[in-house]
Each structure stands twice: as structure tokens, then as C-alpha cells.
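What follows is a short report on a single structure.
The values are calculated or read from the model by the stated rules, or taken from the named source; none is laboratory data. None of the values given here were measured: they were computed from a predicted structure. Ideal geometry is used to build each Cβ from the backbone, glycine not excepted, and the neighbour counts take in all protein chains shown. Side chains included, ligands, DNA and RNA excluded: accessible areas come from the protein's heavy atoms. Shrake-Rupley method; radii C 1.70, N 1.55, O 1.52, S 1.80 Å.
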Amino acid sequence: METLNPDVVIIGSGVGGGTIARQLAGTGARILILERGDFLPEEPQNADAEAVFVQARYKTTEEYQDPTGRRYRPGQYYYVGGHTKFYGTAMFRFRESDFRGREDGTAPAWPISYGDLAPFYAEAERIFGVRGQAGHDPTDPPRDAYPHPPIPHEPVIARMADALRRQGLRPFHMPSAVDYGPGGSCRRCGTCDAFICRFGAKGDGETRLIRPVLNHPDVTLWTNARVTRLIAGEGGRITAVELQRGDQRLRVSARTFVLSAGAINSALILLRSADAAHPQGLANRSGVVGRHLMNHHLTGLMGLMPGRNDTKFPKTLSVNDFYHGLPQDSGARGNIQMLGKIQGPMIRAAYPVMPRPLANLLARHSVDWLCMSEDLPNRDSRVTALHDGGVRIDYRPGARPAHDRFVRHVRTRLRRIFPLVLRHDFGIEAPSHQCGTVRMGQDPDSSALNAMCRAHDHPNLYVVDAGFFPSSAALNPALTVCAQALRVGAHLRDAWRHDQTAP
Ligand SMILES: Cc1cc2nc3c(=O)[nH]c(=O)nc-3n(C[C@H](O)[C@H](O)[C@H](O)COP(=O)(O)OP(=O)(O)OC[C@H]3O[C@@H](n4cnc5c(N)ncnc54)[C@H](O)[C@@H]3O)c2cc1C
């Protein structure tokens, strides 16, 4: 059996965990990363939409249940690099107003401001190789130039940008973490969003965070190591983590623990770690752990054009003119961006009764848009660890009618471009933008973590994944997870260098 005495245990190798590892590598701290999944295998199915969507080859086989008891296989992916292995590479900074919360109190203020995160956003963009064009998004917060120029539009997308401009809108190049351009490894293969990149061109957690630290002698990664609970000792200090690795049940001690298992799994681990001193679970004196589950309101709109759409990488265009509301309806708001190119099997995965030729026909002629609105935090929207080991997801998204009004408006505009616009709503079965379940805040009575993602109740426990979000904004989450993880990691690194002890 391997023996090692890590100073820091990081649970999960996604954006949150990988970024912390990157910050601590080289400080002299011995780091152990525990990842329940394995490296994704390179195989022909990586780029096969039938395998990825219809056969759900890479999705977890575990089941969740909804409040009615209906069981389903959630869109959770457990691999080194976490969900970014499949993500769509849209790398947005949240807006300044997102950190201030909503005036009507429906979304709380964050305990940090945009200014606190701005230097870390810049670093996160460098690490992920984000391409974009500053100064064109009307809602952009203060920022310098992107590390790389934007990815050019393909012809159909350029026509879309022109058509939207004619409607008086201000479309802009979407910031994207793809290694595209002279010398870059992107081949515009056509399988990107929701697929694994076969060429290492997608800026994901494995390529940008984990691979670079694995050469370091003080960093160890255990794959297929599923953490089941944390053990708390005197003064609330976490003393050890329990895990299952193959047939073995193991316990590993350390001085500092960073929980980065993703919003749903981090909450589950904390809830399942309940003991006599912490009957509601760890970090949960406030009772918020597992609550305020958010996932964004996500609606796909397929504009059907008479000709074929042969675009390979459509995710170069976005519109934020309605980020702060429609002119006559400030509640109806959100971001518009392109989806990855839809293929027939993706449609059949969502609508199994649709005949294959029809699905393929629709996919050939569609231009695919995503409308994203903020999902307001609701205390009753929650993840529950059931006594029999199961998981219940009681998802209650906030402000749904406002999202519907926003989508109706966008659809009306798209109808000026396309003869037919079809709608598809994404639900919590695909918790791709899951967040908020271990929220940070100033007040220990209403939050689990402080502004540095440290548990109010445990001096050596940090929770660093999308679970820390107090609100969801209406933009893709990964860059914000990375920026805050860089900030927390810098704090941990300074503490280590100062004391030669993990805090
Ligand atoms: C199809 C898809 C498209 C997306 N597109 C975008 C996009 O374009 N832009 C964007 O910003 N975001 C996008 N997202 C969301 C983005 O990928 C996530 O917000 C981000 O990866 C979350 O990072 P995380 O560190 O919070 O958690 P995760 O990425 O979930 O990482 C958690 C890690 O912990 C591991 N783990 C879980 N439980 C345990 C356990 N018990 N023990 C040990 N390890 C455990 C997991 O295997 C995983 O590696 C997309 C997501 C999906 C699924």
C-alpha cells in the first residue's frame, strides 16, 4: 500500500481543485489530489455523437432521484479535469453588478467584488489561453486586452452577426479557451462543445491545470479514489478524509483539506460527514449546505435556415444587450450565445421517438443558440443525501417566468432571420452549470464559507468549486471558479511560505 503524508489533500481535479494544486505546486507542501474518476481514454468514440449522446458513454452510471422518486442518470462526468473535459470553452468574467447582488434582494451580494477578482481573472485567462476581443461587449467590466485575438467567425456565423447588427444589437466575439490560430492545435474538427477534444486544443482542467503539475515531485494524483467523508476533530479541525480506492477503504490525514468535488458532490460529502458534534453535516452550522442549488435557466433555440449550415465551431458569437433586462421589462434578462453545432444524435438523445432522418435533416439546417438567464437562489432548491446512500435533487429554479419572457423576445428577433425557430429547455438532469450549494458570505449564520472559501466552522477546510457561488449570474461559470481558486490558492501559498505549515 502506498504511504505518504501529505500536507494538503485536494478532493477533485476539476477547475477548482486543479487550480489550487497549480498554486501550491513548488511551495514545498506535499499535495495529494484525490479524484474519483480516471483519465479519459483516447478512443474513436470521443468524437462519435452516437456514443457520446445516445449511448451516454461518458456519463456517470449513478442515479439521482427527483422529489417524486423518479430515478435518472444525471449529466455528471467524473474524469481528471472534471466537467471542463466536456465544456463548451466559453470563458466569461462575471459583470461588476453580478458581485453586488440584486437591489430587490433576490440575489445576494458576494463577499468579494469584481475588483478583488480582476487580477485573478486575467491570470485565469492566461492559463486557459482565452481568445477574445476587449471593448466590444457592452457589459464588459473594466479589463485589459485578452491574451489572444478572437477566433474568427465562420461564414454563417458572420452572417448572423451582421443580421443582429442590422437589428440594432451589438454582437461580439465570444471569449473562448480554444488553442486556435497559427501554430495552434485546434483543427476545427466539429466536435467540441459537450465532446472531449482529441487534439488537446480545448483549454480544460486536465491540459491546463493537472498535467502541468504532475511532473512536480511534491504532487501526487490518485485516480479512482472516491472520497466518502471527512473526519472532524477538536476545535472543528478536519483530521482525515475517508475514501474508497478499488477494493480498499482508506483514511488519509493532512493539515489542510480542499474540497473541490463540484457543487453537488461537495455538498454531499459534507452532509455525509455528519457526526455527533455536527449533526447537520460539516461546515453546516447555518444549515445552508446542499441548499440554494442553481444551474442557470438554459434554453436552446434552433433557427432553421433553407441552406445547409456546415459551420464547425459556431461558438464565436455572443450578445449581451439584454444582460440587464429588456427595454420594457428589466426582469427579463440574460446572455445569448451560440451552442456547439447540433448533430442528429444529440436531438435523438433528447427526443428518442424522432426518426433518425428527420433529426439529421434538422441538424443540417439549424443554427443553434443558447439563451442563459440567472437562476436566483432559493433555499428550498436542494441536494439531499438520503439514508440509503441515494441522492435526491429537489431543484426549484428562481425567476423562471422572467426567463421565459426573455426567450420569447429572443425568439421573436430570431424569427426575423429564420422562417422557423424551435425551442428546447435544458433541465437539472444535465446539471452543467451547478453552483451555490456551499455558499460563501460574511455571515456564518447564512453562509458556509468566508470570502476566502474557508469553512466558518472548520479552520483547515476550504471548499473551492462552483458550490461557493452566492448567486449564479447569467454567464458561464468556469472562469469565475478558476479566478477565485487562484485567489484562494495564492492565500494558501503565502501562508505556507510564511510559516512552512499549511494553515
Ligand atoms: C457539457 C458542458 C458544457 C459546459 N460548457 C461550459 C462553458 O462553455 N463555459 C463554462 O464556463 N462552463 C461550462 N460548463 C460548466 C463547467 O464545466 C463547470 O462549471 C466547471 O467545470 C466546474 O468546475 P468545478 O471545479 O466546480 O467542478 P467539476 O468540474 O465538477 O470538478 C469536480 C471534480 O471532482 C471529482 N469528484 C466528484 N466527487 C468526488 C469524490 N467523492 N471524490 C473524489 N473526487 C470527486 C469529479 O470527478 C471532478 O473531477 C459546461 C459543463 C458541461 C457539462
Checklist line | Sorted peptide list for 452-458, 256-262, 217-223, criterion being average Cβ within 10 angstrom, highest first | finding: 256-262, 452-458, 217-223
Item checked: Packing-based ranking, highest mean first, of 431-438, 268-275, 138-145, 31-38 given that Cβ atoms within 10 Å are counted -> 431-438, 31-38, 268-275, 138-145
Note to self: Over segment 197-356, what is the relative contact order in percent, taking alpha-carbon pairs closer than 8 angstrom and at least six residues apart?
What the structure shows: 10 percent
Notebook entry, point to check: Over segment 159-282, what relative contact order in percent results from Cα pairs under 8 Å that are six or more residues apart?
Noted result: 13 percent
Next item on the list: Search the structure for amide H atoms under 5 Å from the amide H of Gly325, placed 1.01 Å from N in the peptide plane, and list their residues when 5 or more places away or on another chain.
Entry: Gly334
Next item on the list: Estimate the FRET efficiency between Glu43 and Asn5 by the formula 1/(1 + (r/R0)^6), using the beta-carbon distance for r and 35 Å for R0, to the nearest 0.05.
Entry: 0.40
Notebook entry, point to check: In percent, what relative contact order does the chain have, based on Cα pairs under 8 Å that are 6 or more apart in sequence?
Noted result: 23 percent
Margin query: At 7 Å along Cα-to-Cβ for each site, give me the label-to-label distance between Arg423 and Ala145 in nm.
Written below: 4.3 nm
Check: Looking at the square roots a ≥ b ≥ c of the eigenvalues of the Cα gyration tensor of segment 61-135, which shape do they give, rounded for a/c under 1.5, prolate if a/b is larger than b/c, or oblate?
Finding: oblate
Margin query: With the cut-off at 1.5 for a/c, could you classify segment 324-390 from its C-alpha gyration tensor as rounded, prolate or oblate?
Written below: oblate
Note to self: For a Förster distance of 30 Å, can you work out the FRET efficiency between the beta-carbons of Glu234 and Asn450, rounded to the nearest 0.05?
What the structure shows: 0.90
Note to self: I'd like the trypsin sites (Lys or Arg not before Pro) in segment 362-447 restricted to DSSP loop residues with at most 14 other Cβ atoms within 10 Å, sorted by number.
What the structure shows: Arg379, Arg415, Arg416
Notebook entry, point to check: Using r as the Cβ-Cβ distance of Asp104 and Asn224, and R0 as 51 Å, what FRET efficiency do you calculate, to the nearest 0.05?
Noted result: 0.65
Checklist line | Rough spin-label spacing in nm, given labels placed 7 Å along Cα→Cβ, for Arg70 and Glu50 | finding: 2.9 nm
Next item on the list: Provide the gained length on full extension for the span Arg356 to His491, in nm with one decimal, where the gain is 0.36 nm per separating residue minus the Cα-Cα distance.
Entry: 43.3 nm
Item checked: Stretchable slack from Arg408 to Ser97, in nm (0.36 nm times residue separation minus alpha-carbon distance) -> 109.5 nm
Next item on the list: Counting only heavy atoms of the protein chains, get the accessible area per residue of segment 1-127 (1.4 Å probe) and round it to a whole Å² value.
Entry: 39 Å²
Next item on the list: Read phi for every residue in segment 237-249 and hand back ³J(HN,Hα) as whole Hz from Karplus 6.51 cos²θ - 1.76 cosθ + 1.60, θ = phi - 60°, with x for Gly and Pro.
Entry: 5, 7, 9, 7, 10, 9, 8, 10, 10, x, 7, 8, 9
Next item on the list: Assuming a ≥ b ≥ c are the square roots of the Cα gyration tensor eigenvalues, decide whether segment 307-419 counts as rounded (a/c under 1.5), prolate (otherwise, with a/b larger than b/c) or oblate.
Entry: oblate
Item checked: Ranked by how many other beta carbons lie within 10 Å on average, peptides 183-189, 316-322, 480-486 from highest -> 480-486, 316-322, 183-189
Check: Given a 1.4 Å probe and every protein chain left where it sits, what share in percent of the accessible area of the chain is carbon and sulfur?
Finding: 49 percent
